[in-house]
Amino acid sequence: MKSSSFSIFRDGYLCVMIKVYLAKKISRRVVEGHPWIFSNEVDRVEGEVKGGETVTVFTHDNKFIGTGYINPRSQIMVRLLTRNRNEVIDEEFFYKRILQSWEYRKKIGYTENCRLVFGEADSLPQLIIDKFNDYFVIQTLALGIDVWKPAIVNALNKIFDPKGIYERNDVPVREVEGMSQQKGFLSAPFDTNIIIKENGLKFNVDIENGQKTGYFLDQQDNRKAIQHIVKGANVLGAFTYTGTFEIHAAHYGAKSVIGFDISENAVQQANKNAALNGLEDICKFQTANAFDILKQWSKEEKKFDVVMLDPPAFTKSRETIQKAVAGYKEINLRGMKLIEPGGFLVTSSCTSLVNAELFLHTIEMAAKDAKRKLRQVCFQAQAPDHPIVRTIENTLYLKFLIVEVQ
Ligand code: SAH
């Protein structure tokens, strides 16, 4: 074996792996264990690269860093899959990693419906797998993970005996990686309208056409966190999607619940979900722009005991963080104005670029403008089946706050 090439045996063949050498100054991020390597951190690549291949990464002076996958057209040129020199990236590797992710979910008590694989936090960069009981929804968001889709599907079949597997790769970020957006079956076709159970309630999930993977599992514990504050309350929910928070409120004893979403399809699903749980008399949903409704109703001095806000991410780029903050301030300010003294605001942010400190500060600024005082009931993140790894900053993205509004 030549000393300049790093070779492995795969399926009986000797493969010469492409070597990536980092620039002399290595970022703290990489040293601390973050799996991303940006193109401007690379000094040179030895070997011809098309994209999606497995590569080994070394320091400028030839010290092994890890093995990962490469895409030269992406700004994030390499994403590391392992820092263990002896680990080979093959079908067995993906089986083992997915099995480890499952063992971890079982240990922490998230089994029926859970995010089975949360990308970087499970050392499987850009792979998302949501488990809805016997059904699985997959996203492969980078070329280097997409090429392993057959291995990933085989692993799921081996571990779970699924009733169905579906690909929701209709995500714009794939185009940055030079891939098309697509969705479809990765198993025999099945009815993609399924029903899942959460906190004793039933919800329709539209795997094929719902938002993201069809359902927001990350809020499952936060939905439970409203159980005491909604008893006997008149509740307003904005950005409701399929009505999950609102239906929980009705289930936990709210007197009346009204929910809004801009998507007509979401509102239809929400009404269907209310009926599925026999809560359609308490829980009503309407199609509306939440910004308009909150503004109009606060002008009309309408009052509620509890206001719940769960907007989509307001930005994905650093350039527009201030605009996102302004959006959060506006909806929370208007929301607070609608709350009876001693009522509660339930507010979320899934914009990872708006960190916890900035989010809390924004809520305080809104309270100042609304001339209201706040008392924190709880502040938490996404459910633990979306693990947080402190050295990988995007893994902490959801902020969920309940405050009493005096
Ligand atoms: N609370 C939901 C998730 C909400 S996702 C759950 O736990 O499942 C955010 C929702 O906001 C989406 O359904 C989207 O259609 C809706 N939305 C986006 N912009 C909106 C606007 N201006 N007014 C009302 N709804 C909006």
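The values are calculated or read from the model by the stated rules, or taken from the named source; none is laboratory data. Here the structure is a predicted model, which means the values were calculated and not measured. Ideal geometry is used to build each Cβ from the backbone, glycine not excepted, and the neighbour counts take in all protein chains shown.
For every residue, the table says whether it meets (1) outside any loop (DSSP other than H, G, I, E, B); (2) within 16 Å of the ligand (Cβ to nearest atom); (3) in contact (Cβ under 8 Å) with a residue 60 or more places away in the chain; (4) of a type in the set (Phe, Trp, Tyr).
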site	(1), (2), (3), (4)
Gly342	yes, no, yes, no
Leu345	yes, yes, yes, no
Ser352	no, yes, no, no
Glu357	yes, no, no, no
Tyr397	no, yes, no, yes
Glu404	yes, no, yes, no
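On the basis of being of a type outside the set (Asp, Glu), in contact with a Phe, Trp or Tyr (Cβ under 6 Å, 6 or more places away or on another chain) and within 14 Å of the ligand (Cβ to nearest atom), does Val205 make the cut? Yes: the conditions hold for Val205.
Quick grid of which residues meet (1) within 14 Å of the ligand (Cβ to nearest atom); (2) touching a Phe, Trp or Tyr at 6+ places or on another chain (Cβ under 8 Å); (3) free of Cβ contacts under 8 Å to residues at least 12 places away in the same chain:
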site	(1), (2), (3)
Gly210	yes, no, no
Arg223	yes, yes, no
Lys231	no, yes, no
Asn234	no, yes, no
Phe245	yes, no, no
Ala249	yes, no, no
Lys255	no, no, no
Ala275	no, no, yes
Ala288	yes, yes, no
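Restricting region 177-195 to residues that are in contact with a Leu (Cβ under 9 Å, 6 or more places away or on another chain) and of a type in the set (A, V, I, L, M, F, W, C) leaves a set whose member that is nearest to Phe136 (Cα to Cα) is Leu186. Against the test of being without any contact (Cβ under 8 Å) to a residue 40 or more places away in the chain, in contact with a helix residue (DSSP H, G or I) (Cβ under 6 Å, 6 or more places away or on another chain), at negative phi and not acidic (Asp, Glu), the options Leu201, Leu294, Leu279 yield a single qualifying residue, Leu279. Filtered by the rule that a residue be under 20 Å from Gln227 (Cα atoms) and touching a Lys or Arg at 6+ places or on another chain (Cβ under 6 Å), region 186-202 gives a lone residue, Asn199.
Restricting attention to region 293-326 and to residues that are of a type in the set (Asp, Glu) and modelled with pLDDT under 95, the residue that is nearest to the ligand (Cβ to nearest atom) turns out to be Glu300. Being among the charged types (D, E, K, R) and within 16 Å of the ligand (Cβ to nearest atom) is true for just one of Arg168, Arg174. Which residue is that? Answer to the selection: Arg168. Here His361 fulfils each of the conditions (1) in a helix (DSSP H, G or I); (2) free of Cβ contacts under 8 Å to residues at least 24 places away in the same chain; (3) within 23 Å of Ala233 (Cα to Cα) apart from (3).
Applying the criterion of being over 26 Å from Lys224 (Cβ atoms) and not in a loop (DSSP other than H, G, I, E, B) to the residues of region 365-382, the residue that is nearest to the chain's Cα centre (by Cα) is Met365. Restricting the first member to region 373-394 and to residues that are in contact (Cβ under 8 Å) with a residue 12 or more places away in the chain, and the second to residues that are in a loop (DSSP other than H, G, I, E, B) and loosely packed, with under 15 Cβ neighbours inside 10 Å, the beta-carbon pairs closer than 6 Å and six or more apart or on different chains are Lys373/Gln406; Thr391/Glu32; Thr391/Gly33.
Here Gly243, Gly253, Gly259 are screened, and the one residue that is under 20 Å from Met336 (Cβ atoms) and small (Gly, Ala, Ser) is Gly259.
Quick one: is Asp305 acidic (Asp, Glu) and in a strand (DSSP E or B)? Yes, satisfied. Going through region 327-340 one residue at a time, which ones are within 16 Å of the ligand (Cβ to nearest atom) and either crowded, with 21+ Cβ neighbours inside 10 Å or in contact (Cβ under 8 Å) with a residue 24 or more places away in the chain (or both)? Hits for region 327-340 are Tyr328, Lys329, Glu330, Ile331, Asn332, Leu333, Arg334, Gly335, Leu338.
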